[in-house]
1. Cα centroids of the range B:35-110 and the range A:38-112: how far apart, whole angstrom?
2. What does the extension gain come out to for A:Ile41 and A:Val69, with contour length at 0.36 nm per residue minus their alpha carbon separation?
3. Mind checking A:10-23 for the average number of partner chain beta-carbons within 10 Å of each residue's beta-carbon?
4. Can you pull the mean other chain C-beta count within 10 Å for peptide A:59-72?
5. Run through the other copies and list how far each one's label point is from that of B:Arg56, in nm with one decimal, shortest first; the point sits 7 Å from Cα along Cα-Cβ.
6. Count, for each residue of B:85-98, the Cβ atoms from other chains sitting within 10 Å of its Cβ, then give me the mean as a whole number.
7. Please compute the contact order of the range A:2-110 in relative form: average sequence separation of alpha-carbon pairs under 8 Å and at least six residues apart, divided by the residue count, as a percent.
8. What are the ³J(HN,Hα) couplings of the range A:88-105, residue after residue, when phi is run through the Karplus curve with 6.51, -1.76, 1.60 and θ = phi - 60°? Round to Hz, x for glycine and proline.
Number of protein chains: 2
Amino acid sequence: MSNKDNKIEAEMNRGFLQIMVLLALENPMYGYMMIRFIENIGYSVVENTLYPMLRRFEKNGWISSSWDVKHDRPKKYYEITNEGKTVRNKLLRIWQKQNGVITKLLEEVKNG
Amino acid sequence: MSNKDNKIEAEMNRGFLQIMVLLALENPMYGYMMIRFIENIGYSVVENTLYPMLRRFEKNGWISSSWDVKHDRPKKYYEITNEGKTVRNKLLRIWQKQNGVITKLLEEVKNG
DNA sequence: ACTAATACTGTTTACCACACAGTATGTCAA
DNA sequence: TTGACATACTGTGTGGTAAACAGTATTAGT
């Protein structure tokens, strides 16, 4: 059951995580930093989800990266591109539409 | 590109569609009826997404079904179960949490 | 020296949205 | 009366992604 619950949450993360990451990368950030950033705002992502996602987004041209090798360990900073912003806005519009549908249906459920 | 966009929307539907269907099935409905119902509230699902989903949910015990063979074509009516309502509420809590995160991040983006 | 935190890469699995394909009945206009 | 369209469902295959599992290497604290 806890197993099935994890599956549910994984499904819920699809779509949402993409928006969250694209919004977060309005400010440059590297992977590990983002994991903690996300925890600070009350959510969580695991490494094995976030890192492949960042590589995928870069491949898509939605974000760009640059290595910071000046301070201690090398850090790969990512930042959203203009194309990424376009995608982000598109995703946000879909999200808001979906949120409207949910709100509407919820009201109907409440009002019997 | 339009191809990639479709993929994005497919991803956005994961999670959301589950909530929408579980909310809609507060009132008994059969598949085809739900497709039109969803269109009426300003969204859309294709048959090949909805029908397998309904079968899956029934297998999970989230919804139950019964055939209506009295009127013209046979219709498979589905309805949410108590277990389904528990799942639905869980999904809604996740959705609202995610919505909170997005709202928060959006404000930060707007405020520079 | 050892442990934990930091910061990343690589491979594999399970699941799902949707495309593609098919079956069968009911309705209505030319 | 036939042919198109709506209704109502089932079945199979594909591609993309979250997350499990696994590994590498550096730095900080004890």
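1. If we compute the Cα centre of each part, the gap is 24 Å.
2. 7.3 nm
3. Partner Cβ neighbours, averaged per residue: 6.
4. 0
5. In ascending order, 1.6 nm.
6. Counting other chains' Cβ atoms within 10 Å and averaging over B:85-98 gives 3.
7. It comes to 27 percent, rounded to a whole number.
8. Karplus values, whole Hz, x for Gly and Pro: 4, 5, 4, 4, 5, 5, 4, 4, 5, 5, 4, 4, x, 4, 4, 4, 4, 5.
The values are calculated or read from the model by the stated rules, or taken from the named source; none is laboratory data. What you are looking at is a predicted structure, and each value in this text was computed from that prediction instead of being measured. Using ideal geometry, Cβ is built from the backbone for each residue, glycine included, and neighbour counts are taken over all protein chains shown. Heads up: the accessible areas ignore ligands, DNA and RNA and are worked out on the full protein's heavy atoms, side chains in. Shrake-Rupley method; radii C 1.70, N 1.55, O 1.52, S 1.80 Å.
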